[in-house]
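What follows is a single structure, written as C-alpha cells, with notes after it.
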Amino acid sequence: MKLTARARLASLQTALVLAAGAALTGLTYLLMRRRVIFTHLDPIGTPSPDTPPQDGLSALANRVQADTLSALLPQAALALVVVTGLAAVLSWLVAGRVLRPIRVISSTARRLSAENLTERVPVTTPADELSALAGTVNGMLDRIQRDVAERDRILDSQRLFTANAAHELRTPLTTARTAIDVTLDGDPSRAELLTMAGDVRGAVEHMQRVLDGLLLLARSQAGLGAREPVDLAAVAAAALDAAGTRAAAAGVTVRSELRPAPVTGAPVLLERMIGNLVDNAVRYNRAGGHLVVDTGTAGGRAVLRISNTGRQIPPEEAETLLEPFVHGQGTRVRTDGLGLGLSIVRAVTHAHRGRIAVTARIGGGLDITVDLPRSPMAGV
C-alpha cells in the first residue's frame, strides 16, 4: 500500500523516535548490568566502605541488581510504547504543518484554468525550499499566462482576418458574377465581352488589394521576427519623397522637421506604417491643405507625429478610424482606399510595443502621434 507524503513523513519521524528510545533503553540496560553493586554495613547498620565485604551482603547485592534489571525492561518497554505513541501523533501534526504550503500550491494549481490564470501561490518567508517552490510555480504560471494571451491574440487575429476577408470579398465577387451572368445572358458582342472582362479584372484587382492588405495586417498582429535598428526620420523622409508627386498634384503643402528617432524593429513593417500614414494624410486632405511630419525623441521614446488638414471629423469618432475598413463616421464605406491603412498602422505599432493616439483637429483633419520604445543602442 502506497502511503501519502504526510503518512511517510510521520512514519519516518516515529521510527526515528522509536529507534532512539530503543537504543537508549538498551544502553541503559547494558550499563546497569555491567555495574556491580556493593553494599557494606558497619556493625550498627551504617554503610562503611572500609568494612570488608561479607558473603551475605554480596548475595544481597546480586539479588538487588537482578531485581533492578528485571524491573527495568518492562517499565522501559512501557515508557517506550507511550513515548512512541505520542511521537506518532506529534509527527502527524508536524508533518501536516510542514506540508501545508504544498497543499496550498496544489489547491491553487487545481483552481487555475485557461480562463483564470491570474491567481498566484503565496510565497512564504523566510526564503526556504517551499518558498523557492512557490516562486518556481508562480514563474511557470506567468509564462503560461503570457503564452495563453499570445495564443488568444493570434486566434483573434485569424478570426478577424477571416471575417474581414469574407466581408470585403463578397462585393467584388458579386460584381464579377453579375457581370458574367448579365453578359452571357443572350448573345454578347465583342464589345460586351470586353466590358465584362474589364469589370471582372477590376473586381479581381480589388480582391487582390484586399487580400494583400489583410495579409500584412495579420502579419503585423502576429508579432515580430528579427529586429534591426531603424531611424524613423529616415523612413519618414523616404515616404515623403515617394508621396511628393501626389501631394503636389493634390495641392497639399508638405512641411517636415525630421530629428533622429532610433528604434529597433522590422524595417518592412515600419516603412509600411509610415507610408500608410503619409498616404492617408495626402489622400484624405483638401486642395490647398497642408501635411506636417515631425520625428524626434521624448521621455526615452521615439516619436512620430503626422497632422493634416481635411474634412471635419467628430472627436468621438477619431479612434474608430483605426478599425479595419472604416473610412469615417464609424461605418464601412466605399472610397478609393481599402480602409486598412490605419488598422495596419495600429497593428505595427502594437507589435513594436508602441502607442498610437488619433485626435481630430479643429477645423478638419487628423493629428496622429506614434511613440515607440527608443533603441537601447542609440546614444544619449
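The values are calculated or read from the model by the stated rules, or taken from the named source; none is laboratory data. Computed from a predicted model, the values in this text were never measured in an experiment. For neighbour counting, all protein chains shown are included, and Cβ atoms are generated from backbone atoms with ideal geometry for every residue, glycine included. For the accessible areas, the whole protein counts, side chains as well, though only heavy atoms, and no ligand, DNA or RNA atoms are used. Shrake-Rupley method; radii C 1.70, N 1.55, O 1.52, S 1.80 Å.
Taken as a whole, the condition of being among the β-branched types (Val, Ile, Thr), open to solvent by less than 70 Å² (accessible area, probe 1.4 Å), at pLDDT 85 or above and farther than 30 Å from Leu304 by Cα applies to Val200.
In the set (1) among the hydrophobic types (A, V, I, L, M, F, W, C); (2) buried (at least 20 other Cβ atoms within 10 Å of the Cβ); (3) more than 16 Å from Val268 (Cα to Cα); (4) modelled with pLDDT of 70 or more, Leu340 fails one condition alone, (4).
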